[in-house]
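No value in this document is a laboratory result; all are computed from the given coordinates. Please read these numbers as outputs of a predicted model, since none were measured by experiment. Reconstructed Cβ throughout: ideal geometry from the backbone, glycine too, with neighbour counts over all protein chains shown.
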Amino acid sequence: MSQRRKFIKQSLLGSAIFIPGVSQAFTQKKQGLVNGEKPLILSTWNHGLPANEAALKKLQESGSIVDAVEAGVKDTELDLDNLSVGLQGLPDREGITTLDASIMKGDGSCGSVAFVRQVKHPISLARAVMEKTPHVMLAGEGARQFAIAEGFPIEKEILSPKATRAYEEWKKTSQYKPVINIENHDTIGMIGMDASGKLAGSCTTSGLAYKMHGRVGDSPIIGAGLYVDDEVGAATATGLGESIIRICGSFLIVELMRQGRTPQEACEEAVRRLIAKNKKDIKDIQAGFLAINKEGQIGAYAVHPGFNFAKGTTQENILIDSKSHY
Ligand code: SD4
């Protein structure tokens with residue numbers, strides 16, 4: 001059972017839970033929407049707690065919000081319990097783990113990698129694409145070659161013991177059907193704001209378990225899994241990438257905020273739009289959005305119950321249950 005599912009189970013019992021590695025004890029809170037605290041880091045799911053902690057620590061050390069959102073999700077990329085992020089993630093149908101990641105700054109700079117193999121920190125590779133190439137996105141073998149050229153270590157292509165067991169089990173039926181709230185929806189999307197109001201975001205995933213070889217989700221697609229604009233705010237997404245790409249989810253939320261919606265209203269409208277465009281399969285589709293605006297207000301909304309997110313400030317680092325449409 002994933003940490004997140006364990007948490008959901010335990011939170012139903014109404015207990016406050018301490019997660020190792022998170023310095024502040026936290027209490028379960030109802031979704032708090034108006035905040036205005038800066039700096040502020042939001043990230044998807046319960047692995048967002050240690051990720052936020054890493055991000056806030058980095059922000060304190062370097063003062064850079066893009067350093068912070070990179071460092072935060074690197075923590076998750078190394079989390080052996082997470083089967084949806086990093087090289088320990090569940091493989092595709094061929095038994096190969098391929099990774100997607102993106103990073104964006106509020107000034108419009110962005111970089112991403114898709115369908116990349118053997119790189120432990122795709123988020124750092126995405127950042128290298130942003131900072132060292134004239135491009136936004138590199139995919140597949142080209143991304144891996146760029147990693148080699150940039151001196152990234154290339155890892156052996158072996159599945160983790162957990163992923164091996166899960167893959168062997170899956171091969172017995174070889175069926176893929178996206179189901180809500182199962183372990184293959186644990187991507188980390190992180191959006192953050194520094195004390196001066198500057199924004200950045202990051203998103204990293206191994207994508208859907210047992211996807212077709214070559215499948216790319218929303219996470220590395222700027223505007224789908226992540227979008228950041230210092231003039232307005234930032235948004236990120238988790239869940240079934242195909243449903244999020246269909247509505248350019250993160251870009252949609254930022255544009256709705258630009259037109260005056262609050263982050264919460266914008267996330268809710270994006271979920272409504274997603275449902276409208278994915279009607280046929282909606283009972284099996286989970287997707288969740290997170291947003292902040294430049295005033296530091298936050299929003300979160302999902303298709304189905306079960307989505308949660310971590311909110312970190314210098315005062316607290318807490319897990320919050322998102323509201324949902326159904
Ligand atoms: C994808 N959006 O590749 C990712 C999966 C995900 O939580 O978010 N899982 O479709």
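For the chain, the normalised intensity computed at q = 0.06, 0.13 Å⁻¹ comes to -0.17, -0.85 (log10 of I(q)/I(0), Debye sum over alpha carbons, equal scatterers, no solvent). How much FRET efficiency would the formula 1/(1 + (r/R0)^6) give for Lys171 and Glu61, where r is the Cβ-Cβ distance and R0 is 51 Å, rounded to 0.05? My answer for the efficiency is 0.70. This ranking places Tyr167, Tyr326, Tyr301, Tyr210 by how few other beta-carbon atoms lie within 10 Å of each, fewest first, which gives Tyr326, Tyr167, Tyr210, Tyr301. For the stretch 278-326, the Kirkwood estimate of hydrodynamic radius, built from reciprocal distances between every pair of different alpha carbons, is 12.1 Å. About its Cα centre, the chain has a charge dipole of approximately 920 debye under the convention of +1 per Lys or Arg Cβ and -1 per Asp or Glu Cβ, with nothing else charged. Rg and Dmax of the stretch 106-161, based on Cα coordinates, read 11.5, 41 Å.
Bridge orientation summary for the chain: considering DSSP beta bridges with both residues in this region, about 85 percent are antiparallel.
Estimated purely from DSSP H runs of n ≥ 4, each contributing -39500 (n - 2.57), the mean residue ellipticity at 222 nm for the chain is -9500 deg cm²/dmol once divided by its residues.
Fewest-first ordering of Ser62, Ser219 by other beta carbons within 10 Å of each residue's beta carbon gives Ser62, Ser219. Mean sequence separation of contacting Cα pairs (under 8 Å, at least six apart), scaled by the length of the chain, corresponds to a relative contact order of 23 percent.
At 10 °C and a viscosity of 1.306 mPa s, what translational diffusion coefficient does Stokes-Einstein give for the stretch 75-127, taking Rh as the Kirkwood radius over Cα pairs? Give it in µm²/s as a whole number. Rounded, D is 137 µm²/s. Each Cα pair under 8 Å and six or more residues apart adds its sequence gap; the mean of these over the residue count of the stretch 152-255 is a relative contact order of 22 percent. Using bins of 5 Å that start at zero, the share of Cα-Cα pairs per bin across the stretch 139-285 amounts to 2, 9, 14, 18, 18, 14, 12, 8, 4, 1, 0, in whole %.
Taking Lys58, Lys280, Lys294 as the candidate residues, the one with maximal mean-square fluctuation in a Gaussian network model of the chain, Cα springs under 10 Å, is Lys280. At an R0 of 25 angstrom, the distance between the Cβ atoms of Glu295 and Leu80 translates into a FRET efficiency of 0.10. Here, P(r) means the percent of Cα pairs in each 10 Å bin from 0 to the largest distance; for the stretch 222-326 it is 17, 51, 27, 4, 0. Note on the chain: with a GNM built from Cα contacts shorter than 10 Å, the maximum mean-square fluctuation among Ala166, Ala54, Ala139 falls on Ala166.
Cα centroids of the stretch 221-248 and the stretch 250-283: how far apart, whole angstrom? Here the two parts' Cα centres lie 10 Å apart. Considering only Ile158, Ile247, Ile298, give the residue with the highest GNM mean-square fluctuation for the chain, with springs between Cα atoms whenever their separation is below 10 Å. Among Ile158, Ile247, Ile298, the largest mean-square fluctuation in the Gaussian network model of the chain belongs to Ile158. The residues Thr97, Thr44, Thr173, when put in order of fewest to most other Cβ atoms within 10 Å, stand as Thr173, Thr97, Thr44.
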